[in-house]
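Notes follow once the structure below has been shown.
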Amino acid sequence: MITTNGIIKNYNGLQVLKGINLHIEAGEIVSIVGASGAGKTTLLQILGTLDKPDNGTISIAGTDVTKLKQKSLSAFRNKEIGFVFQFHQLLPEFTAFENVCIPAWIAKTTKSVAEKRAKELLDYLGLSNRIKHKPSELSGGEQQRVAVARALMNTPSVLLADEPSGNLDSRNAQELHDLFFKLRDEFKQTFVIVTHNEELANRADRKLTIKDGVIV
């Protein structure tokens, strides 16, 4: 599902990533751990095509994303990659239902298809009675489940998560972790998760440690 070769990234003369080689199978859950500043989030942003490497190649679902022009890259990201962030990144002026629909609207999915998919996801995640609530009216755990629904909206090949449970209490964190594995088991969803949560990191199929810009 994901293959990288020789990923190098520099910022202001500092080499943050020093040749990252990865091979992640479809349906695999991989955690990435390491000290702050080791390059974890930089790698995740590059895998998510939010940033470009200075050198190296990235293939996702059979597409070499390093060769895509900006417009094609944006379309690929919208369709093939879902994101879950620590602080949800939900739009406060929209309801839970509308937040989930946004990726489909961007992809110009028809209104009826988008709304049906959003309702199915919110129901699956136990949020069918919260669809008209805005983020400020939801608990932290509910907000994060809305974010997961949004990430799944376009049926992406890969779901990338950056400290997804870092802002949750232990009960909600456990529920979110269980959800990831349920999604993998039922839908063969591929996950790459940057986390400081030891329980989640160790539960993954593989745990990769980044130190000083390389996988050790």
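The values are calculated or read from the model by the stated rules, or taken from the named source; none is laboratory data. Remember, it's a predicted structure, so these values are computed and weren't measured experimentally. All Cβ positions, even for glycine, are placed from backbone atoms using ideal geometry, and neighbour counts span all protein chains on display. What goes into the accessible areas is simple: the full protein's heavy atoms, side chains included, and nothing from ligands, DNA or RNA. Shrake-Rupley method; radii C 1.70, N 1.55, O 1.52, S 1.80 Å.
Shown are Arg130, Arg171, Arg206, whose ranking by accessible area with a 1.4 Å probe and every protein chain present, most to least, is Arg171, Arg206, Arg130.
Cross-link reach is defined here as a Cα-Cα straight distance under 26 Å, omitting same-chain residues fewer than 8 places apart; for Lys18 the lysines meeting it are Lys9, Lys40, Lys52, Lys67, Lys69, Lys207, Lys211. Here the Debye sum runs over all C-alpha atoms of the stretch 64-108 as equal scatterers in vacuum, and log10 of I(q)/I(0) at q = 0.15, 0.31 Å⁻¹ comes out as -0.48, -1.13. Two numbers describe the Cα atoms of the stretch 93-168: Rg and Dmax, which are 11.9, 35 Å.
Computed with the Debye formula from one identical point scatterer per Cα of the stretch 1-57, without solvent, the log10 of I(q)/I(0) at q = 0.14, 0.16, 0.18, 0.30 Å⁻¹ comes to -0.36, -0.48, -0.60, -1.44. Stokes-Einstein diffusion for the chain at 10 °C, viscosity 1.306 mPa s, with a Kirkwood radius from C-alpha pairs, works out to 90 µm²/s.
The relative contact order of the chain comes to 32 percent, based on Cα pairs under 8 Å that sit 6 or more residues apart. The distance separating the Cα centre of the stretch 74-129 from that of the stretch 9-45 comes to 27 Å.
The residues Ser136, Ser165, Ser74, sorted by heavy-atom accessible surface at 1.4 Å with ligands and nucleic acids left out, run Ser136, Ser74, Ser165 from largest to smallest. The HN-Hα couplings worked out from phi for the stretch 101-109 by the Karplus form 6.51 cos²θ - 1.76 cosθ + 1.60 (θ = phi - 60°) are 6, 3, x, 6, 4, 4, 7, 6, 5 Hz, whole numbers, x standing for Gly and Pro. Rounded to the nearest 500, the helix-only mean residue ellipticity at 222 nm of the chain stands at -11500 deg cm²/dmol, with each DSSP H run of n ≥ 4 adding -39,500 (n - 2.57).
Asp169 contributes about 80 Å² of solvent-accessible surface, heavy atoms of the protein only, 1.4 Å probe.
With no solvent and one equal point scatterer per Cα, compute the Debye intensity ratio I(q)/I(0) for the stretch 1-95 at 0.22 Å⁻¹ and report its log10, rounded to two decimals. Per q value, in the given order, log10 I(q)/I(0) is -1.27.
Considering only DSSP beta bridges with both partners in the stretch 74-216, what is the antiparallel share in %, to the nearest 5? Counting DSSP beta bridges with both partners in the stretch 74-216, the antiparallel share is about 15 percent.
Dipole of the chain computed with +1 at Lys/Arg Cβ and -1 at Asp/Glu Cβ about the Cα centre; of Gln70, Val146, Ile215, farthest Cα towards the positive end is Gln70.
As a rough guide to protection, the peptides 139-149, 89-99 ranked by mean Cβ packing within 10 Å, highest first, stand as 139-149, 89-99.
Surface composition of the chain: carbon plus sulfur atoms contribute 51% of the solvent-accessible area (1.4 Å probe, protein chains only, all chains present). With a cut-off of 11 Å between beta carbons, the residues surrounding Gly27 carry a summed charge of -3, where Lys and Arg count +1 and Asp and Glu -1.
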